[in-house]
Ligand code: MN
């Protein structure tokens, strides 16, 4: 039995470094996985896929609006072309390989765009102001989401209302045809999606990694990913 290898995507910082918050790595390690950081622009993805047992498409800056046929918005920030290209390809490969995949924040938006969905370019322009989804101009806030009963997400976290850590100014507008919406906020914002045609592809608009160290419910998402990765690895080993 091998320890599951969980790839975590990273971004290019303003200082030309590859970065990802340590909380993603810690959550994977607590769940018993090995965290492998994947830089933007990585090629030879077939070789990478042979090593990975699971994938986290992590949070970060905005996806270039050209990828969902949008003219853009002045509030769009931190576009990372090599990261977009890598992650859009990884999302397709993850479906083809049935690789267990967790999307977080930007990662949820990325999965949606990869399969033909669109995004709200700047949420404050389009929702009522009853719920803050980030502290302006930056920082995390807490708000409630409502998780749909019967979803894979509900099987992991439970259904109904749950308070989560939120830090985003964009969200899913039109869900991709292959995705199901599995959680929403009271203002109508899409807060989670999953791919019912895939063994384990879930995505949340909130940040489970931010609270997972102290919140066993949010940590459970990472445990579930690593458990799915373990099964994926064993099934693949049995075939070869
Ligand atoms: Mn939110």
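Compute the distance in nm between two label points, each set 7 Å from the Cα along the Cα-to-Cβ direction, one at residue 14 and one at residue 77.
Result: 0.9 nm between the two label points.
Two decimals, Cα atoms only, Kirkwood Rh: what is Rg/Rh over the chain?
0.94
Could you tell me the distance between the Cα centroids of the stretch 127-144 and the stretch 11-57, to the nearest Å?
Using only Cα atoms, the two centres lie 27 Å from each other.
Answer rounded, prolate or oblate for the stretch 59-160, using the Cα gyration tensor with square roots of eigenvalues a ≥ b ≥ c: rounded when a/c is under 1.5, else prolate when a/b is larger than b/c, else oblate.
The shape class here is oblate.
From the helices alone, meaning DSSP H stretches of at least four residues, give me the mean residue ellipticity at 222 nm for the chain, per-run term -39500 (n - 2.57), in deg cm²/dmol to the nearest 500.
Details: 7 runs with 76 residues, N = 240.
Only helices count here, giving -9500 deg cm²/dmol.
According to the Cα gyration tensor, what semi-axes, each the square root of 5 times an eigenvalue, does the equivalent ellipsoid of the stretch 9-104 have, listed from largest to smallest in whole Å?
After diagonalising the Cα gyration tensor, the semi-axes are 23, 17, 12 Å.
Simple spin-label model, 7 Å along Cα-to-Cβ: residue 67 to residue 1 in nm?
Placing both labels 7 Å beyond Cα along the Cβ direction yields 3.6 nm.
If each residue of separation counts as 0.36 nm, what is the full-extension length gain between residue 140 and residue 37 once their alpha-carbon separation is subtracted?
Taking residue 140 through residue 37 to full extension adds about 34.7 nm, to one decimal.
Going by a ≥ b ≥ c, the root eigenvalues of the Cα gyration tensor, does the stretch 129-240 fall in the rounded group (a/c under 1.5), the prolate group (a/b larger than b/c) or the oblate group?
Taking the square roots of the gyration eigenvalues as a ≥ b ≥ c, the stretch 129-240 is prolate.
No value in this document is a laboratory result; all are computed from the given coordinates. Everything numeric in this text was worked out from a predicted model, so none of it was measured. Neighbour counts run over all protein chains shown; Cβ positions are idealised from the backbone, glycine included.
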